[in-house]
Amino acid sequence: MNATSTKSAPRLSMTQVEDYRREGYLTYHEQVLLPNKMKGLTNHFEYLVNNLPEGMRPEHMDVPHFADPKLFEWLLDDQVLDLVEPLIGPDIALFSSHFLCKPASDGKRVPWHEDSAYWRDMFDQMEVVTVWLAIDDSDAGNSAMQVIPGTHLGKGGYSEYDDVPDPQASVFGNEIKPNLFDAKRAVTLELKAGEASLHHAKLMHGSKANTSARRRCGYTMRYISTRSRFNHEKLGSGHCLYLARGRDHAGNVYGDPTKPALEILKARPELFRKGH
């Protein structure tokens, strides 16, 4: 199977790639999408967030692309894939996506976590890269994402967790035990709307509650090399990948980005935490 996306020039320098491999993240302080594309995504998000099901928090807009194929216009955009390719190679699958919107005044805290800890049995190679595309300006004032550099290396990615003391105020209910990392080393990833950060699945990260007068929203777009195999036998009824660029190498099964995957939403077990 081959994707229809057309390759253009990778957008990261060798220095940026080396920084990502060493630190587990990078910030991209250029506009990721063309202006009309970014405006279209922002407008589409505003429609979605203003029409949430009753009782649904805006922090929990997980896998919206399963119900809304229009989102593939941005998820499979070459401007995005050209950021990802230098990190995981030319054969790319879309793994997941999530709008994480923290409203002003009462935006929930995202506890310290590693995405990989929740995805442990999903892949034979945990090399997921997340593109965190800023819908709003994101800074320390409205609880931008924070990371602990270098924690993806070695045996990182599968820490021990405790229950959070404030489950109603947190996006999910557990967090890395505090003795396993030094929060004083945290780096705040400040972005202007339209810019992005990229982080490795094993990197420790989180964010504080948003008590400011400004909303903070990002679209997390998650990708993996098609050389990694997804556990379709165990997990396929509740999730699927989409071939974004290149060809498959691992015998993965891919969804059709032109059609809603409503059957997956109906069957979807609680496999995926909300992440960041």
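When the stretch 111-122 is filtered for residues that are at pLDDT below 95 and assigned to a loop (DSSP other than H, G, I, E, B), the ones remaining, listed by number, are W119, R120, D121, M122. Go through the stretch 123-143 residue by residue and tally those that are small (G, A, S) and in a loop (DSSP other than H, G, I, E, B). Total satisfying the criteria: 1. Given the criteria touching a residue at least 40 places away in the same chain (Cβ under 8 Å), out of contact with any helix residue (DSSP H, G or I) (no Cβ under 6 Å at 6 or more places or on another chain) and either within 27 Å of R215 (Cα to Cα) or surrounded by 20 or more Cβ atoms within 10 Å (Cβ to Cβ) (or both), does G157 qualify? For G157, the condition - touching a residue at least 40 places away in the same chain (Cβ under 8 Å), out of contact with any helix residue (DSSP H, G or I) (no Cβ under 6 Å at 6 or more places or on another chain) and either within 27 Å of R215 (Cα to Cα) or surrounded by 20 or more Cβ atoms within 10 Å (Cβ to Cβ) (or both) - is not met. Considered as a group, the residues in the stretch 190-199 that are closer than 22 Å to P64 by Cα and more than 12 Å from the chain's Cα centre (by Cα) include one that is surrounded by the most Cβ atoms within 10 Å (Cβ to Cβ), and that residue is G194. Screening the candidates S228, S207 for the property of being polar (S, T, N, Q), crowded, with 17+ Cβ neighbours inside 10 Å, out of contact with any Phe, Trp or Tyr (no Cβ under 6 Å at 6 or more places or on another chain) and under 27 Å from I176 (Cβ atoms) yields one hit, S207. Screening G154 with (1) over 18 Å from the mean Cα position of the chain (by Cα); (2) not in a loop (DSSP other than H, G, I, E, B) gives one miss only, at (2).
If you go through the stretch 84-126 and pick out every residue that is more than 21 Å from E175 (Cα to Cα) and among the acidic types (D, E), you end up with 3. Among the residues of the stretch 125-154, just one is at pLDDT below 95 and either of a type in the set (D, E) or touching a Phe, Trp or Tyr at 6+ places or on another chain (Cβ under 6 Å) (or both), namely E127. Of the residues K234, K202, K266, the single one that is under 27 Å from N50 (Cβ atoms) and either surrounded by fewer than 17 Cβ atoms within 10 Å (Cβ to Cβ) or charged (D, E, K, R) (or both) is K266. If only residues of the stretch 1-18 that are assigned to a loop (DSSP other than H, G, I, E, B) and either at pLDDT 95 or above or of a type in the set (G, A, S) (or both) are counted, the one that is nearest to the chain's Cα centre (by Cα) is L12. Would you check if K108 is among the basic types (K, R), farther than 26 Å from I176 by Cα and either touching a Phe, Trp or Tyr at 6+ places or on another chain (Cβ under 6 Å) or modelled with pLDDT of 95 or more (or both)? No.
Tallying residues that are closer than 21 Å to G107 by Cβ and in contact with a helix residue (DSSP H, G or I) (Cβ under 8 Å, 6 or more places away or on another chain) within the stretch 12-43 yields 1. Taking the stretch 160-180 as the range and being among the polar types (S, T, N, Q), surrounded by 13 or more Cβ atoms within 10 Å (Cβ to Cβ) and farther than 14 Å from A209 by Cα as the test, only N174 passes. R215 - would you say it is in contact with a strand residue (DSSP E or B) (Cβ under 8 Å, 6 or more places away or on another chain), surrounded by fewer than 20 Cβ atoms within 10 Å (Cβ to Cβ), at pLDDT 95 or above and more than 30 Å from H29 (Cα to Cα)? Here the answer is no, as R215 does not meet what is asked. Scanning the stretch 132-174 for residues that are more than 23 Å from A104 (Cα to Cα) and aliphatic (A, V, I, L, M) turns up I148, L153.
The values are calculated or read from the model by the stated rules, or taken from the named source; none is laboratory data. On a predicted model such as this, the values are computed, not experimentally measured, just so you know. Note that each Cβ is placed from the backbone with ideal geometry, even for glycine, and that neighbours are counted across all protein chains shown.
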